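Notes to accompany the following structure.
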Amino acid sequence: MTVIGTGYLGITHAACMADLGYEVLGLDIDEDKVRQLNAGELPIYEAGLGELLRRGLDSGRLRFTTSYAEAAGFGDVHFLCLGTPQKPGEYRADVSQLDAAIEALAPHLVKDCLVVGKSTVPVGTAERLADRLAELAPAGVRTDLAWNPEFLREGFAVQDTLRPDRIVLGVRNRRAEMILREVYSPLGDIPTVTVGFTTAELVKVAANAFLATKISFINAMAEVCEATGGDVVQLSRALSYDTRIGGRFLHPGVGFGGGCLPKDIRAFMARADELGAGRALAFLEEVDAINTRRRTRVAALARQLLGGSIDGARVAVLGAAFKPDSDDIRDSPALDVATAIDREGGLVSVYDPAALDNARKKYPALNYAESALDAATGATVVLLLTEWTEFTELDPEVLGAVVARRNIVDGRNVLDPDVWRDAGWQYRAPGRP
């Protein structure tokens, strides 16, 4: 099989499929990235993936190329694992990478094969790409398309690929379904749902919209708690015991970010509007707005601790990745807050265990430190904005010894307020008294 596109999804899928025993050829148009991958060097941070990549290369079952002609001749199944970012200045998804891949691959398809999309796309994309594939592929009807959405969590991508909670097969015929069932048969007895293209496309965006809504719901409750004096962490805990609600994604804080949830709910709204169903997803506008407000609120808590002004204050920001166990800084709440404080005149020092290189490239104006203690040295306020274990296990006395003032904003609600207050810290967190 081939895997076209070597971002988080593509590298993970290629390495995992090779580990299952398949012969896998990964493809990317970035020559430097292909050289790096063939040398066993992982261009991203993802737990367990580096070892899997090197094992695949050493076994001879995995390699990478820039040639679409080579990929077409090699593969019986071609997985499309390409990005669909938000279009600049609008909510719609940019599917140009998928279009370009079909245009480049299809003219070389001269034998029976199945092209499988895994990317998150607007409804109608699969049908359109299937038509284009049929137009361009010399093999004609012997070239088929399926849609098989991914449900990976960064930081757990290998686990989610090899032990998924479900597999969704968007197909138009029995042959495509049987090929995909054979592909995934080494995973064992995984719940598998066979649907049409449209439903397969909807499953992923609907799942992300639901998760985003759940996160923003508890953050809306944090706003209510701030107005009433309630404790949103205790509220969340009480709600979590209700089996109809559950505790997953019911954790209040600075909100969600990354390369999926924010852009996917916006693209979902845009596509629904195009299809005349915009009112059905109007609530996602407020979900998005609540999420954005939490970032503003965290900056306000820092300002509050500093007597109303951040200008000239030394601010330590612990976290740059949008979530722990990742180096992904796309739409990172931590860096959004850091840049907002920088614009207000704060002297920001950022530390993250994995994402510093990416942060430096995108936000060169910020200052960066090589450890949490370095970032906090001389700080008048510390902001914990990515819940790395390294940060949640910080000793308040050790950290207190290097700061100028013991002020902390727990943007993720992961610290014990009593412990930090007993150590002489002024503690603030979203939705807590």
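The values are calculated or read from the model by the stated rules, or taken from the named source; none is laboratory data. Treat the numbers as computed from the prediction; the structure is a model and nothing was measured. A quick note on method: Cβ atoms are made from the backbone with ideal geometry, for glycine too, and the neighbour counts reach across all protein chains shown. In case anyone asks, the SASA skips ligands and DNA or RNA and just uses the protein heavy atoms, side chains included. Shrake-Rupley method; radii C 1.70, N 1.55, O 1.52, S 1.80 Å.
One residue stands out in the stretch 232-246 among those that are of a type in the set (V, I, T) and under 14 Å from P430 (Cβ atoms): the one that is most open to solvent (accessible area, probe 1.4 Å), namely V233. Quick check, is V403 among the hydrophobic types (A, V, I, L, M, F, W, C), within 24 Å of L250 (Cβ to Cβ) and open to solvent by 10 Å² or more (accessible area, probe 1.4 Å)? The answer is no for V403.
From the set of residues in the stretch 207-231 that are buried (at least 16 other Cβ atoms within 10 Å of the Cβ) and of a type in the set (S, T, N, Q), which is farthest from the chain's Cα centre (by Cα)? For the stretch 207-231, the residue satisfying everything is N219. For the criterion of being surrounded by 22 or more Cβ atoms within 10 Å (Cβ to Cβ), among the β-branched types (V, I, T) and under 20 Å from D327 (Cβ atoms), T2 fails. For the stretch 131-152, the candidate set comprises residues that are in a helix (DSSP H, G or I) and in contact with a helix residue (DSSP H, G or I) (Cβ under 9 Å, 6 or more places away or on another chain); within that set, the residue that is most open to solvent (accessible area, probe 1.4 Å) is V141. Would you tally the residues in the stretch 281-296 being open to solvent by 70 Å² or more (accessible area, probe 1.4 Å) and not polar (S, T, N, Q)? Looking only at that region, the number is 4.
Checked against (1) of a type outside the set (S, T, N, Q); (2) in contact with a helix residue (DSSP H, G or I) (Cβ under 7 Å, 6 or more places away or on another chain); (3) under 28 Å from E127 (Cβ atoms), L275 meets all criteria but (2).
A residue that is part of a loop (DSSP other than H, G, I, E, B) and on the phi > 0 side of the Ramachandran plot cannot be found anywhere in the stretch 169-187. Condition (residue is under 26 Å from V287 (Cβ atoms), of a type in the set (D, E), in contact (Cβ under 8 Å) with a residue 12 or more places away in the chain and open to solvent by 20 Å² or more (accessible area, probe 1.4 Å)) applied to the stretch 191-206: is it met by at least one residue? No - not one qualifying residue is present in the stretch 191-206. Set side by side, the residues V337, V315, V381 differ, and just one is over 30 Å from G83 (Cα atoms), touching a Lys or Arg at 6+ places or on another chain (Cβ under 8 Å), aliphatic (A, V, I, L, M) and buried (at least 24 other Cβ atoms within 10 Å of the Cβ), which is V381.
Screening A334, A316, A320 for residues that are touching a strand residue (DSSP E or B) at 6+ places or on another chain (Cβ under 7 Å), part of a loop (DSSP other than H, G, I, E, B) and at pLDDT 95 or above leaves exactly one candidate, A320. The residue that is nearest to E154 (Cα to Cα), among those in the stretch 1-27 that are in a loop (DSSP other than H, G, I, E, B) and under 20 Å from the mean Cα position of the chain (by Cα), is G7. Restricting attention to the stretch 153-167, and to residues there that are open to solvent by 10 Å² or more (accessible area, probe 1.4 Å) and among the hydrophobic types (A, V, I, L, M, F, W, C), which single residue is nearest to G259 (Cα to Cα)? Here the answer is F156. Any residue at all in the stretch 238-255 that's under 23 Å from D342 (Cα atoms) and without any contact (Cβ under 8 Å) to a residue 60 or more places away in the chain? Within the stretch 238-255 (the criterion being under 23 Å from D342 (Cα atoms) and without any contact (Cβ under 8 Å) to a residue 60 or more places away in the chain), the answer is no, since none of the residues qualifies.
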